[in-house]
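To start, the structure itself, in C-alpha cells.
The values are calculated or read from the model by the stated rules, or taken from the named source; none is laboratory data. Computed from a predicted model, the values in this text were never measured in an experiment. Methodologically, a virtual Cβ is constructed for each residue, glycine included, from the backbone with ideal geometry; neighbour enumeration extends over all protein chains shown. Areas reflect the complete protein model, heavy atoms only, side chains present, ligands, DNA and RNA absent. Shrake-Rupley method; radii C 1.70, N 1.55, O 1.52, S 1.80 Å.
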Amino acid sequence: QVQLVESGGGSVQPGGSLRLSCAASRSIFRTNAMGWYRQAPGKQREVVATLTTGGSTNYADSVKGRFTISRDNAKNTVYLQMNSLKPEDTAVYFCHLTGSIYWGQGTQVTVSS
C-alpha cells in the first residue's frame, strides 16, 4: 500500500508560480511512473504531466513550456513546478501512481486576479 500526500497549492495571481509536491509513503519512483492530474469544477479529471521511471516526461498541450514535472528519489517526492499560471489552470491537482489505484487527496490551485 502507498500513501500519496500533495502540498503546495494555494491562490496566486495570473502570471504567478506555484510548486506542488507529492510525497510518497515509501520508495516507489524507481519502479513506477508518476503523474499529475487536475480536475476543474464541472469538468473531467485530465492528465497534466507524467514522468516515467527512466525520466521521460510528457505534458498536456495546455501546460507545455509552463509546467515541469520532476522527482527526488531520496525524498520519495515528485514535484510540479507551475509557472506563468493562467485562470484556466484553476483546479484541484492530484498526483497518481501510474497504473495503480493510488491517488493523493488533492490540493487546490486557484489563479485569479
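State the number of residues belonging to segment 69-93 that are surrounded by 14 or more Cβ atoms within 10 Å (Cβ to Cβ) and in contact with a Phe, Trp or Tyr (Cβ under 8 Å, 6 or more places away or on another chain). Summing the residues that are surrounded by 14 or more Cβ atoms within 10 Å (Cβ to Cβ) and in contact with a Phe, Trp or Tyr (Cβ under 8 Å, 6 or more places away or on another chain) in segment 69-93 gives 10. Taken over segment 25-57, residues that are farther than 21 Å from Ser84 by Cα and in contact (Cβ under 8 Å) with a residue 60 or more places away in the chain amount to 4.
If I filter segment 60-67 for residues that are open to solvent by less than 30 Å² (accessible area, probe 1.4 Å), within 14 Å of the chain's Cα centre (by Cα) and in contact (Cβ under 8 Å) with a residue 40 or more places away in the chain, do I get at least one hit?
Just the residues of segment 60-67 that are open to solvent by less than 30 Å² (accessible area, probe 1.4 Å), to begin with: 60, 63, 66-67.
Next cut, within 14 Å of the chain's Cα centre (by Cα) only: 60, 63, 66-67.
Cutting the leftovers down to in contact (Cβ under 8 Å) with a residue 40 or more places away in the chain gives us none.
So far as segment 60-67 goes, no, none of its residues is open to solvent by less than 30 Å² (accessible area, probe 1.4 Å), within 14 Å of the chain's Cα centre (by Cα) and in contact (Cβ under 8 Å) with a residue 40 or more places away in the chain.
Considering Leu4, Leu20, the condition of being closer than 20 Å to Leu85 by Cβ, open to solvent by less than 20 Å² (accessible area, probe 1.4 Å) and within 14 Å of the chain's Cα centre (by Cα) is satisfied by Leu20 alone. When segment 94-107 is filtered for residues that are open to solvent by 40 Å² or more (accessible area, probe 1.4 Å) and either in contact with a strand residue (DSSP E or B) (Cβ under 8 Å, 6 or more places away or on another chain) or within 19 Å of Ser70 (Cα to Cα) (or both), the ones remaining, listed by number, are Thr98, Gly99, Tyr102, Trp103, Gln105. Residues that are more than 13 Å from the chain's Cα centre (by Cα) and open to solvent by 40 Å² or more (accessible area, probe 1.4 Å) were ranked within segment 40-54; the one that is farthest from Ile28 (Cα to Cα) is Gly42.
Kindly check whether there is at least one residue in segment 51-73 that is of a type in the set (A, V, I, L, M), out of contact with any helix residue (DSSP H, G or I) (no Cβ under 9 Å at 6 or more places or on another chain) and within 15 Å of Gly104 (Cα to Cα). The answer is no, given that none of the residues of segment 51-73 is of a type in the set (A, V, I, L, M), out of contact with any helix residue (DSSP H, G or I) (no Cβ under 9 Å at 6 or more places or on another chain) and within 15 Å of Gly104 (Cα to Cα).
Number of residues in segment 23-39 that are open to solvent by 100 Å² or more (accessible area, probe 1.4 Å) and within 15 Å of Ser62 (Cα to Cα): the value is 0.
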